1. Give the angle, between 0 and 90 degrees and rounded to the nearest 10, that separates the Cα long axis of helix 144-160 from the longest principal axis of the Cα atoms of the chain.
2. Starting from the Cα gyration tensor of the stretch 182-270, take the square roots of the eigenvalues, sort them a ≥ b ≥ c, and report rounded, prolate or oblate (rounded when a/c is under 1.5, otherwise prolate if a/b is larger than b/c, else oblate).
3. Give me the angle, in degrees from 0 to 90, between the Cα long axis of helix 245-264 and the longest principal axis of the Cα atoms of the chain, rounded to the nearest 10.
4. If one computes the Cα centroid of the stretch 169-187 and of the stretch 200-270, what distance in Å separates the two points?
5. Springs between alpha-carbon pairs under 10 angstrom, Gaussian network model over the chain: which of 172, 141, 63 fluctuates most?
6. Of 234, 99, 180, which has the largest mean-square fluctuation in a 10 Å C-alpha GNM of the chain?
7. If neighbour count is taken as other Cβ atoms inside 10 Å, put 76, 41 in order from fewest to most.
8. Would you look at the GNM of the chain, springs on alpha carbons closer than 10 Å, and say which of 33, 142, 191 moves the most?
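Each value in this text was obtained by applying a stated rule to the coordinates, not by laboratory testing. In this text the structure is predicted, and so the values were computed from the model without any measurement. Positions of Cβ are generated from backbone atoms using ideal geometry, with glycine treated the same way; all protein chains shown enter the neighbour counts.
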């Protein structure tokens, strides 16, 4: 911890005192990389480092890197700290920067996430409008993967609104596209949400199909640890509903093993 704090303090002192633009950008790059390194283990410090980097990029006139810092801060607030208001605040800053830079694909990439965040805050109409705007840009650029990922965020927005039918509709659209390009990571992610929705609704036949589908991909090496954590947690709930103690114990063991191994690495599990 002491070593980490010394590194952090050193970078902040460098950032404050450097006046040459080239050196300022170099310091900002280092802060950005260091912040990204601590995304999983120390999200608050990740945010602090990226904030300092964003100031240095702004002083250097590098709006693209400043926008990158802002969106990273927004993602960290939401994905690691579940602080939606702060995530929205920094996402709006990032979107404004990409808009000024006339970078439509970068803007659209954030608009879809922004729309989902608006839904989490109960601003459903605004969120749907943001997502439709993102989809329109992706369509104009013929970026099919962007459209498909927007469908996933649309599903999460409808989930926030407790509209299960619409949520599942967009999840299936998302999954169908990524099956055509054999993107295991995206398919597994869509399945995770479908699995949780079907299990929570007591639709166990449908849940079983998804459970078995993800079981085939679990050890593919293309799945993020957070996806596995979510899969194991839902599998325990699914096992309870089946009254299958052996299956429950199996997935409890998998969850504990992965959870403990991540914790030992200092990774914070939301």
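1. Taking Cα atoms only, the helix is inclined about 70 degrees.
2. Numbers: a/c = 1.96, a/b = 1.24, b/c = 1.58.
Since a/c reaches 1.5 but b/c is at least a/b, the shape of the stretch 182-270 is classed as oblate.
3. The answer is roughly 10 degrees.
4. Using only Cα atoms to place each centre, the spacing works out to 20 Å.
5. 141
6. 180
7. 41, 76
8. 142
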